[in-house]
Amino acid sequence: MSEVKKYDICIIGGGITGTALGYFLCKLGKTSVAIFEKSYLSSGSTGRCAGGIRQQWSTRPNVRLAMRSVKLFERFKEDVGMDIEYKQGGYLVLSYIEEEAEQFEKNVKMQREEGLNVEILTPKQVSERYPYINTEGLVMATFCQTDGHANPHKAVIGYAQAIRRMGGHIYTYTEVKNIDVANGKVIGIDTTAGYFACDIVVNASGPWSNEVSKLVGVDLMTESYRHQILVTEPLENFFPMMAISFSGNFYMRQTLHGQFIMGQGDKDEKPGLNFNVTYKFEKELASKMVKIFPFLKNVRIIRHWSGMYNMSPDAQPIIGASEKVKGYYYAVGYSGHGFMVAPAVGEALAELIVFGKTLHTDISYLDIKRFEGQVLEREKNVV
Ligand SMILES: Cc1cc2nc3c(=O)[nH]c(=O)nc-3n(C[C@H](O)[C@H](O)[C@H](O)COP(=O)(O)OP(=O)(O)OC[C@H]3O[C@@H](n4cnc5c(N)ncnc54)[C@H](O)[C@@H]3O)c2cc1C
């Protein structure tokens, strides 16, 4: 009979969350770790996302988490050993309604208290600085130079290579079918590559988070919603920042190779896994973006795809350890910002697993217990 394979920690999901966590666990000396990915690395939301990295949030803990992530992105090449096309070209946040602009003023006050350098710009200042943006209808904007963007595929590959170098294991095209629990404690997982014994399982399965969690009978209350996104043919590189608007419902950035990546949300989207794309999205987004960014006129769309936002009830991630099943952890429900916070989350969750407490960033406010009868503070800065 062959011996049962054993790891201390098994991570379900080879996106940015799973690989960042695997990396920080290995760095803390926990190299008996394996990631199980049912498809290829970054095949989930991570490989479909826009790669934006923003610190301008409406809640103080999110600002802190994002600021820590930026510190880690700044050192990514040096620490992890991969150039991930990280560019701190800033985030220009555009507001088209008075009420939102008032909220932005409050956000900026709080962000500055946290040490973030954020500017408030009038429409005139936006026109002067970015003459290629049509500011019609704009009420105000904020700008933070240290925000930016990176290539999500490269970030996952960078973490994965570092994990392997440090002795961790990654199983691709290997689906976790069951989580084995005995006496209220995780003891192993069943996969398409066989059974693996383990003490800890981390659910980093993104859009599939609640489905996976049901394997241990824990309802994480997450739901997944389709988000569509497109990319244009390349233009000369001149657009350094990510432009985003919550009231205008769009975001856009230019890649290193000159293409423009852009998307918008759809409030009529129903929960469920749906990777189809619609002509309605292209038509609506293209006509809106050409008005705001007239240089896009006659620029061809070369590709259009969809991915999933895994949503929690307050649009903030759910991260922590289960009280019901010992050894079961989760890092899910990121809404549209799981890429940017992943380094800080990976670091904090690794510390929580290894030391029983976080050392760099407090993530206790993201525990699932916050849904027990409290008034929730919903994150407002999401598209
Ligand atoms: C269109 C779009 C644009 C976005 N833009 C941004 C942005 O600009 N900035 C930002 O920060 N975030 C953005 N996001 C959100 C971001 O993509 C996600 O929050 C983030 O990628 C989540 O990473 P993850 O590793 O948790 O999940 P995923 O990347 O989805 O990884 C989960 C993995 O788990 C695997 N899996 C699931 N079930 C199993 C199983 N049973 N066994 C084995 N493997 C399993 C899946 O195959 C998948 O690869 C965007 C999302 C979309 C859809």
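Which listed residue (ILE157, GLY52, GLY272) has the Cα farthest towards the positive end of the charge dipole for the chain, taking +1 on Lys and Arg C-beta and -1 on Asp and Glu C-beta about the Cα centre?
ILE157
Return, in residue-number order, each cysteine of the chain whose C-beta is not under 4.7 Å from any other cysteine's C-beta.
Within the chain, the cysteines lacking a partner Cβ under 4.7 Å are CYS26, CYS49, CYS144.
Which three lengths, in whole Å and largest first, does region 171-247 cover when its Cα atoms are put on their principal axes?
59, 30, 19
Cut-off 10 angstrom, C-alpha nodes, Gaussian network model of the chain. Which of TYR91, TYR159, TYR365 fluctuates the most?
TYR365
Among the listed pairs LYS270/LYS369; LYS324/LYS369; LYS154/LYS297; LYS87/LYS288; LYS6/LYS30, which are separated by more than 22 Å between their Cα atoms?
Correct reply: LYS270/LYS369; LYS154/LYS297; LYS87/LYS288.
So between ARG129 and GLU233, what do we pick up on full extension, going 0.36 nm a residue minus the alpha carbon distance?
Using 0.36 nm per residue and subtracting the Cα-Cα distance, I get 35.0 nm.
Ignoring the sites themselves, what is the longest stretch of the chain with no trypsin sites (Lys or Arg not before Pro) in a DSSP loop and at most 16 other beta-carbon atoms within 10 Å?
Answer - 76-266.
Just flag the GluC sites (Glu not before Pro) in region 74-156 sitting in loop per DSSP whose Cβ has no more than 12 other Cβ atoms within 10 Å.
For GluC sites (Glu not before Pro) across region 74-156 that sit outside H, G, I, E and B with at most 12 neighbouring Cβ atoms in 10 Å, the list reads GLU136.
Over the Cα atoms of region 177-332, each weighted equally, I'd like the Debye log10 I(q)/I(0) at q = 0.11, 0.16 Å⁻¹, rounded to two decimals.
The calculated log intensity ratios at q = 0.11, 0.16 Å⁻¹ are -0.60, -0.90.
Relative contact order, percent, of region 1-116 when contacts are C-alpha pairs under 8 Å separated by at least 6 residues?
Result for region 1-116 is 21 percent.
Which whole-number value in Å³ per residue fits the convex hull of the alpha carbons of region 246-367?
Expressed per residue, the convex hull around the Cα atoms of region 246-367 is 160 Å³.
When Rg is the radius of gyration of the Cα atoms in region 70-204 and Rh is its Kirkwood radius, what does Rg/Rh come to?
Result: Rg/Rh = 1.18.
Based on DSSP, what percent of beta bridges with both residues in the chain are antiparallel, to the nearest 5?
70 percent
For region 285-294, take each phi angle, set θ = phi - 60°, evaluate the Karplus expression 6.51 cos²θ - 1.76 cosθ + 1.60, and give the result in whole Hz per residue in order, putting x for glycine and proline.
For region 285-294, the Karplus-derived couplings read 5, 4, 5, 5, 5, 5, 5, 7, 10, x Hz, x marking Gly and Pro.
DSSP loop (so not H, G, I, E, B), at most 16 other Cβ within 10 Å: list which GluC sites (Glu not before Pro) in region 236-302 pass both filters. Spell out each step's value before the answer.
Working: sites: GLU236, GLU269, GLU282, GLU284; in loops: GLU236, GLU269.
Sites meeting the loop and neighbour criteria: GLU236, GLU269.
Using only C-alpha atoms and all pairs of different ones, pull out the Kirkwood radius for region 328-368 in Å with one decimal.
About 10.7 Å, per the Kirkwood formula over Cα pairs.
Given a 10 angstrom Cα cut-off, can you work out which residue in HIS149, HIS304, HIS360 is the most mobile in a GNM of the chain?
Sorting by GNM fluctuation, first place goes to HIS360.
For region 119-125, what does the Karplus curve 6.51 cos²θ - 1.76 cosθ + 1.60, with θ = phi - 60°, yield as ³J(HN,Hα) per residue in whole Hz, taken in order and with x for Gly and Pro?
9, 9, 10, 7, x, 5, 5
Using Stokes-Einstein with the Kirkwood hydrodynamic radius over Cα pairs, what translational diffusion coefficient do you get for the chain at 4 °C and a viscosity of 1.567 mPa s, in µm²/s rounded to a whole number? Don't skip to the end; give the middle numbers.
On the way: Rh = 21.3 Å.
Answer from the Stokes-Einstein relation: 61 µm²/s.
Please give the calculated 222 nm ellipticity per residue for the chain, where each DSSP H segment of at least 4 residues contributes -39500 (n - 2.57) and the sum is spread over every residue; nearest 500 deg cm²/dmol?
Using -39500 (n - 2.57) per qualifying helix, the result is -8500 deg cm²/dmol.
FYI, it's all coordinate maths here, none of it is from the lab. Because the structure is predicted, anything quoted here is derived from the model rather than measured. FYI the Cβ positions are ideal-geometry reconstructions off the backbone, even for glycines, and counts take in every protein chain you see.
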